[in-house]
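Every number in this text was worked out from the coordinates using simple rules, so none of it is lab data. Note that this is a predicted model, so its numbers are computed, not measured. Cβ atoms come from the backbone with ideal geometry, glycine included; neighbour counts cover every protein chain shown.
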Amino acid sequence: MTTPLADPPANDAQPCGPIDFELPPALEAHEPPEARGLARDEVRLMVSRVRGDGIEHARFRELPRFLHPGDVLVINTSGTINAALDARLDDGTALELHLSTRLAPDEWVVELRTPGPKGTAPFFDGRAGDVVRLPAGGTATLAAPYSRTAPARLWRAALRLPAPLPRYLAEHGFPIRYGYVRERWPLDSYQTVFATEAGSAEMPSAGRGFTHELITRLVAGGIDVAPVLLHTGVASLEAGEAPYPEYFRVGGPSARRITTARREGRRIIAVGTTVVRTLETVTDGDGITHEGEGWTDVVVTTLRPVRGVDGIITGLHEPRASHLLMLAAIAGCAHLRKTYDAALRERYLWHEFGDLHLILPD
């Protein structure tokens, strides 16, 4: 398995154009729903149907009534890590170092960010050879920019830590958070019930609303659940920046179940954009989903028909985000705009601790 050099494709010329809107700060979810007195599965759920252009409002725990026996929910079993570390340069500059993607045992893609009163901002003044000081004597030495885009935001870096990575991050790391999340929350707040293998820099958040009880109800109602894995990198993309390569794995049993369901006319529902990216990587033009493992640089847009899924459970994404182009490929531009207008009007909450959206074909 080789590791990628990121040089993401341009995403600025789509048939439907960028999906833009004004996101009021009041609609940003500042804390987990549990802090607002809600269970995980009590967040709101907008259900939209592409055929007929309908929209319905519910709670996420009502999900079973919108799915059919035989539907396949495809989940991401990647677990979130404490990917943020307090850091400092030798000149005294205070930073946060965000681990994004593991390339080798001691080599990572990292992002440097500057702490501020409204969260962190990208730090663009790193130089090859810079030694970033980490807690307890750890270091990250910047080797080379991760992409050819200037100025460099992501770097290949060699980590030197005083303890094995899992223990070091448990002791000194914390989850990545951005300015709309006002305080640090423990790692459990950023973990889904599906997590079996740690490796995501940020939570695959579309799965956060699931509980063990809800999964039991779904399975009892004849819903199939197929696991895949994609370790997410940092989501702090700059304007116009496409997603970077990410590590994925699809096992043979899941690939066969998904392919069989598709041949039988059953619906494939992705839990999150990470699952869509994974399935679009391993599903061919004949609708066959293959097992596979490696790095995906697939960027799903309206320029190519979606082959791997019929619908998606997803959060609400920021204006002009690349994920919106993926959703437009699934739902169509006009329908997606209608749903975002409804989400704004009905005051749904955005981001990883916010509300969810189920897009169905009919």
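Just checking my list [x] 60, 43, 41; [y] 77, 45, 42; [z] 64, 45, 37 against Cα extents along the principal axes in Å computed from this structure; which label fits?
Correct label, based on the coordinates given: [x].
Could you work out the helix-only [θ] at 222 nm for the chain, with each DSSP H run of four or more residues adding -39,500 (n - 2.57) and the total divided by the number of residues, to the nearest 500 deg cm²/dmol?
About -5000 deg cm²/dmol.
Indicate, rounded to the nearest 5 percent, the antiparallel portion of the DSSP beta bridges found entirely in the chain.
70
In the stretch 84-172, with Lys and Arg counted as +1 and Asp and Glu as -1 at Cβ, which of these residues, A152, F123, L85, has the Cα nearest the positive end of the dipole, that is, farthest along it?
After comparing all options, I get A152.
Using a Gaussian network for the chain with springs between C-alpha atoms less than 10 Å apart, which of these wobbles most: P175, P24, P122?
Its mean-square fluctuation being the largest, the pick is P24.
Could you run the Karplus curve 6.51 cos²θ - 1.76 cosθ + 1.60 with θ = phi - 60° over the stretch 174-191 and give me ³J(HN,Hα) per residue in whole Hz, x for Gly and Pro?
8, x, 5, 9, 10, x, 6, 9, 7, 9, 6, 10, x, 4, 4, 5, 10, 10
To the nearest 20 Debye, how big is the dipole of the chain about its Cα centre, given +1 on the beta carbon of each Lys and Arg and -1 on that of each Asp and Glu?
Using only the charged Cβ atoms, the result is roughly 480 debye.
Could you size up the charge dipole of the stretch 68-159 around its Cα centre, putting +1 on the beta carbon of Lys and Arg and -1 on that of Asp and Glu, and report it in debye to the nearest 20?
The dipole of the stretch 68-159 has a size of about 160 debye.
Say we join alpha carbon atoms closer than 10 Å with springs in a Gaussian network model of the chain; which of F210, F66, F124 then has the biggest fluctuation?
In this elastic network of the chain, the residue with the biggest mean-square fluctuation among F210, F66, F124 is F66.
Scan around H290 for amide H atoms under 5 Å from its own, H built in the peptide plane at 1.01 Å from N, and keep only partners 5 or more places away or cross-chain.
T283, D284
Assuming R0 = 30 Å, what is the FRET efficiency of H212 and R184, from their Cβ-Cβ distance, to the nearest 0.05?
Efficiency, rounded to the nearest 0.05: 0.70.
Pick out, from G179, T259, H212, the residue whose Cα sits farthest towards the positive end of the charge dipole of the stretch 163-265, with +1 on the Cβ of Lys and Arg and -1 on the Cβ of Asp and Glu.
Farthest towards the positive pole: T259.
Step through the residues of the stretch 300-305 one at a time and calculate ³J(HN,Hα) from phi using the Karplus curve (6.51 cos²θ - 1.76 cosθ + 1.60, θ = phi - 60°), rounding each to whole Hz and writing x for Gly and Pro.
7, 9, 6, 6, 9, x
Looking only at E111, E346, E293, which one moves most when the chain is put into a Gaussian network model with springs between Cα atoms under 10 Å?
Evaluated over the chain, the most mobile residue of the options is E346.
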